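So the structure is just underneath, and the comments pick up after that.
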């Protein structure tokens with residue numbers, strides 16, 4: 001899934017956040033996140049092979065909400081989307097899981113919990 005993995009998972013945990021990349025004339029890429037509801041934003045620019053500069057503002061820390069999920073994705077070997085499943089409980093709770101419902105999972109924030117990060121298990 002490559003770079004699409006993080007985009008797939010990020011869209012699940014931050015459905016209202018715009019995620020796009022700007023490319024400078026020198027080819028350097030800057031990842032941008034923007035939440036129109038709160039006017040929060042984050043900008044991540046690679047400064048080396050494994051280092052980056054993060055700048056953010058607004059009431060939500062968009063990168064802090066997203067980073068734990070991406071760390072779990074990396075630690076799980078960067079699995080493809082076909083290894084994920086979704087369980088919807090009778091109370092409306094949505095839980096995304098990896099490989100099996102009792103495995104690594106996280107509860108998705110509902111639409112009324114804007115700015116709430118997912119609960120990893």
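Each residue in segment 36-60 was checked for being more than 13 Å from residue 19 (Cα to Cα) and not in a strand (DSSP E or B), and 11 of them qualify. One residue stands out among those in segment 88-104 that are part of a strand (DSSP E or B) and in contact with a helix residue (DSSP H, G or I) (Cβ under 8 Å, 6 or more places away or on another chain): the one that is surrounded by the most Cβ atoms within 10 Å (Cβ to Cβ), which is 96.
The single residue among 85, 77, 48, 58 that is modelled with pLDDT of 90 or more, surrounded by fewer than 11 Cβ atoms within 10 Å (Cβ to Cβ) and either under 25 Å from residue 104 (Cβ atoms) or out of contact with any helix residue (DSSP H, G or I) (no Cβ under 7 Å at 6 or more places or on another chain) (or both) turns out to be 77. Considering each residue of segment 7-15 in turn, none proves to be assigned to a strand (DSSP E or B) and surrounded by 11 or more Cβ atoms within 10 Å (Cβ to Cβ).
Does residue 63 satisfy being assigned to a helix (DSSP H, G or I), at pLDDT 90 or above and surrounded by 15 or more Cβ atoms within 10 Å (Cβ to Cβ)? So residue 63 passes the test.
The values are calculated or read from the model by the stated rules, or taken from the named source; none is laboratory data. If you're wondering where the values come from, they're calculated on a predicted model, not measured in any experiment. Note that each Cβ is placed from the backbone with ideal geometry, even for glycine, and that neighbours are counted across all protein chains shown.
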